[in-house]
């Protein structure tokens, strides 16, 4: 149990547990008296909160949707900020970011059920990669205004964040095709 006294492990646990707080579910129950897990898509995220609460109170739906989006984005960032100012390594920060998203998607408070992770993911990515995430958010906003389908807008924003990485990986693999062929043929020489 000594590993629990390791500061990195403590932050990993905090990221998962805080990431798992189902703000959408809590806000919708408290302020609108509805269970978002039992209505709409069943998701605990901002879109479903907006969709489900809108049936009862459109003005409240918008407020709760914005509050859910904000709190879901900030819950991962809060742990990252503390870890950053405590001087934890970048690799630890990335692990915290991943665990916050995992906590949201597989909440320990909801039997490992949860949301889709877009707000929490974008929150932690904004902290870790602010310029790239800003571009992704602009793409998301354009898609949200034009297509007006939340899942399509969200996934397009995520793709905008991912495409440069995929492109670089593709180039690296392309440049290694001769090496890959030699490995398959058993002709690639060992370095040492």
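The values are calculated or read from the model by the stated rules, or taken from the named source; none is laboratory data. Since we're looking at a predicted model, the values are computed, not measured. Reconstructed Cβ throughout: ideal geometry from the backbone, glycine too, with neighbour counts over all protein chains shown.
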Can you name the residue in segment 1-28 that is without any contact (Cβ under 8 Å) to a residue 40 or more places away in the chain and not in a helix (DSSP H, G or I) and is also surrounded by the fewest Cβ atoms within 10 Å (Cβ to Cβ) among such residues? 1
What about residue 119, is it surrounded by 18 or more Cβ atoms within 10 Å (Cβ to Cβ), outside the structural domain of residue 89 (by TED's automatic domain parsing) and part of a helix (DSSP H, G or I)? no
Residue among 95, 141 that is free of Cβ contacts under 8 Å to residues at least 40 places away in the same chain and surrounded by fewer than 20 Cβ atoms within 10 Å (Cβ to Cβ): 141
Any residue at all in segment 147-156 that is modelled with pLDDT under 85, loosely packed, with under 13 Cβ neighbours inside 10 Å, closer than 30 Å to residue 41 by Cα and over 19 Å from the mean Cα position of the chain (by Cα)? yes
Just checking, how many residues over segment 29-47 are touching a residue at least 40 places away in the same chain (Cβ under 8 Å) and assigned to a helix (DSSP H, G or I)? 3
Residue check, residue 87 out of contact with any strand residue (DSSP E or B) (no Cβ under 7 Å at 6 or more places or on another chain) and under 29 Å from residue 14 (Cβ atoms): yes
Please state which one of 83, 100 is surrounded by 23 or more Cβ atoms within 10 Å (Cβ to Cβ), at pLDDT 95 or above and within 13 Å of residue 21 (Cα to Cα). 100
